[in-house]
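Since the structure comes first, as structure tokens, the remarks are kept for the end.
The values are calculated or read from the model by the stated rules, or taken from the named source; none is laboratory data. Here the structure is a predicted model, which means the values were calculated and not measured. We place every Cβ from the backbone using ideal geometry, glycine too, and count neighbours over all the protein chains shown.
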Amino acid sequence: MFSILLIFLLSSTQQYAHIYILHTNDIEGALSPSTAWWMNPYFPPPIGNAAAAATFIREKRVEADSLGYGFLLFDAGDMFVGSPVGEFSKGHAVAEYFNYCGYDVVAPGNHDYDQGVDVFRQFVDKVDATFLGSNIVDNETRSVVDYLEPYTIVERTGVRIGIFSLLTEYMSGMTTPERFENHDVLPEIETAGWYVDSLRAKDVDLIFAITGIGLRHDKRVATAVEGIDVIVGSHSATALEVPYEDSINHTIICQAYGHLSSVGFLDLWIDKETRRVAGYRGELVDLLSEQIDEDTMMLEMVEKWETITQKGFDEVIGYSEEELARAGFEETAIGNLITDAMREYFEVDVAIHNSGGIRANLPKGDITYRHCYNIDALSNTAVIMEMTGQNIIEALEIGVNGHHAIFQVSGLRFRYDSKKPIGSRILEVSLADGRPIKPEDRYSLVTNSFLAAGGGEYAIFKSGENIQDSFHYLRSIIAEYVKKHSPIKGRIEGRIVDVARK
């Protein structure tokens, strides 16, 4: 039995080459140790983040080298905006992490332009990896922008691999023209098809795509474009515990959890004669501190950047004359501030935000960005849509059904009776100027990404039309509002009235 197994393993080794691919996505600057609150909200296990990732990556690189396997390390975008360490270092902290771990190829996501083209260009200059931007073109020349590469070809274990990238073709709706100045994004499927043909003409054996378009669009590309062997994705942060294989073209799609809580691992088996993918195995590795030792040098680097970035994090941006406190079942001054900030920023008719999404009070006295950050600790983004008056009324009914904290609103006033049967509690709804809301009319509305996702009882928000995620964090919108309107005065205006309590 043993000799038969040994012969099989030897013949397998002679027939196949292996390439280890490690991949991350949607890091958003989350280098600092954190906790896996989604595993256990009461006793969340610690996550090592960058320090654990550095250890795991090093161990897999050593393992691949000892076995004679190829090794590649990718990141698929949304790299540094989204945390104090990433944002306030303008990506420099993440650049050091990339360089320390030895990333090979990376490609930007939409959030990598949230601080503007110039900041992202500086970030690119700090990273040793190859940066791709296959469908990111100059508005005038229509060529790939000069600080990114259109594609790259690498060779591992004698296998030539062509790699291109895709940024979401909906970029114009996810950032401002100023932040993406003189840039444009070419269509995803058309670009993918063009690069597959071009790379095949360059005699590559395999073709990989690093994408920032979201899993749904990754699947669309995989089905529509023949010839892509592997897609490493980001943008939706849809964790694939095992890779997804397209049933038509057999493209392998991988994506990990965001915020550097896991690293994706893919072992490709390559037939040495045909140079084609003969098999694979893949998984996501959670960076649990109890299972993976933290790299001490990486930990020191993170602590250094925490110290540096906390200085800016605590700069005073405004003043509040009183504490604005949270509450679950009544109109609150902090709820009014948040929804007013959202409605003013996007110049829409109505803003709705769930009270449960307000994670901290706004304190009395000096206000810092940290305070705004803590209020929006769930990293919600603002989503714009159009809804009928009837849809808005139905949404408010859900907000007062007692199953969860109520919705905070701006641009609206409504009265309800919490003692009436669920589904018929709303008594009247009017706009801020007193005009009754008309069920048949359409209104522009902004809400947060949690509600817009339509999970659970919140499916009504999916009934909106022209739904567009702005990808602007609520914390930044709140901070801008505080700067503009300081000193802040708490206001209760009778926007929400429960007649059963009168």
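Can you confirm whether residue 99 is over 20 Å from residue 268 (Cβ atoms) and in contact with an Asp or Glu (Cβ under 6 Å, 6 or more places away or on another chain)?
Considered against the rule, which asks whether it is over 20 Å from residue 268 (Cβ atoms) and in contact with an Asp or Glu (Cβ under 6 Å, 6 or more places away or on another chain), residue 99 comes out as yes.
Can you find, within segment 395-408, the residue that is surrounded by the most Cβ atoms within 10 Å (Cβ to Cβ) among those that are within 12 Å of residue 353 (Cα to Cα) and touching a helix residue (DSSP H, G or I) at 6+ places or on another chain (Cβ under 6 Å)?
Here the answer is 408.
Are any of the residues in segment 217-229 within 20 Å of the chain's Cα centre (by Cα), under 20 Å from residue 120 (Cβ atoms) and assigned by TED's automatic domain parsing to the domain that holds residue 276?
no
Are there any pairs with C-beta distances below 8 angstrom linking a residue in segment 482-502 that is at positive phi to a residue that is in a loop (DSSP other than H, G, I, E, B) and surrounded by 12 or more Cβ atoms within 10 Å (Cβ to Cβ), with the two at least 6 apart or on different chains, and if so which?
Within 8 Å, the pairs are 494/331.
Residues that are surrounded by fewer than 22 Cβ atoms within 10 Å (Cβ to Cβ) and on the phi < 0 side of the Ramachandran plot: find the helices (runs of 4 or more DSSP H) completely inside segment 24-106 holding 3 or more of those.
Counting at least 3 such residues, we get 49-67, 92-101.
Going through segment 312-340 one residue at a time, which ones are within 21 Å of residue 83 (Cα to Cα) and out of contact with any Pro (no Cβ under 6 Å at 6 or more places or on another chain)?
If the condition is that a residue be within 21 Å of residue 83 (Cα to Cα) and out of contact with any Pro (no Cβ under 6 Å at 6 or more places or on another chain), then 312, 314, 315, 316, 317, 318, 338 are the ones that fit.
Check 408, 468 and return the single one that is within 30 Å of residue 369 (Cα to Cα) and modelled with pLDDT of 95 or more.
Just one listed residue meets the conditions, 408.
In segment 258-302, how many residues are under 27 Å from residue 85 (Cβ atoms), in a strand (DSSP E or B) and of a type outside the set (Val, Ile, Thr)?
The qualifying residues number 6.
Just for segment 365-395: of the residues that are among the hydroxyl-bearing types (Ser, Thr, Tyr) and part of a strand (DSSP E or B), which one is farthest from residue 436 (Cα to Cα)?
368
Would you tally the residues in segment 205-242 being of a type in the set (D, E, K, R) and more than 26 Å from residue 271 (Cβ to Cβ)?
3
Kindly indicate which of 289, 236 is assigned by TED's automatic domain parsing to the domain that holds residue 21 and under 30 Å from residue 478 (Cβ atoms).
It is 236.
Inside segment 107-156, can you point out the residues that are crowded, with 16+ Cβ neighbours inside 10 Å and of a type in the set (Asp, Glu)?
Passing the criteria: 112, 114, 149.
When the residues of segment 157-188 are filtered to those that are aromatic (Phe, Trp, Tyr) and touching a helix residue (DSSP H, G or I) at 6+ places or on another chain (Cβ under 6 Å), which remaining residue is surrounded by the most Cβ atoms within 10 Å (Cβ to Cβ)?
Selected residue: 164.
If you check 442, 425, 475, 415, which single one turns out to be touching a residue at least 12 places away in the same chain (Cβ under 8 Å), surrounded by fewer than 19 Cβ atoms within 10 Å (Cβ to Cβ), closer than 23 Å to residue 356 by Cβ and basic (Lys, Arg)?
Residue meeting the stated conditions: 415.
Could you tell me whether segment 183-191 includes any residue that is free of Cβ contacts under 8 Å to residues at least 40 places away in the same chain, closer than 19 Å to residue 227 by Cβ and part of a helix (DSSP H, G or I)?
Within segment 183-191 (the criterion being free of Cβ contacts under 8 Å to residues at least 40 places away in the same chain, closer than 19 Å to residue 227 by Cβ and part of a helix (DSSP H, G or I)), the answer is yes, since at least one residue qualifies.
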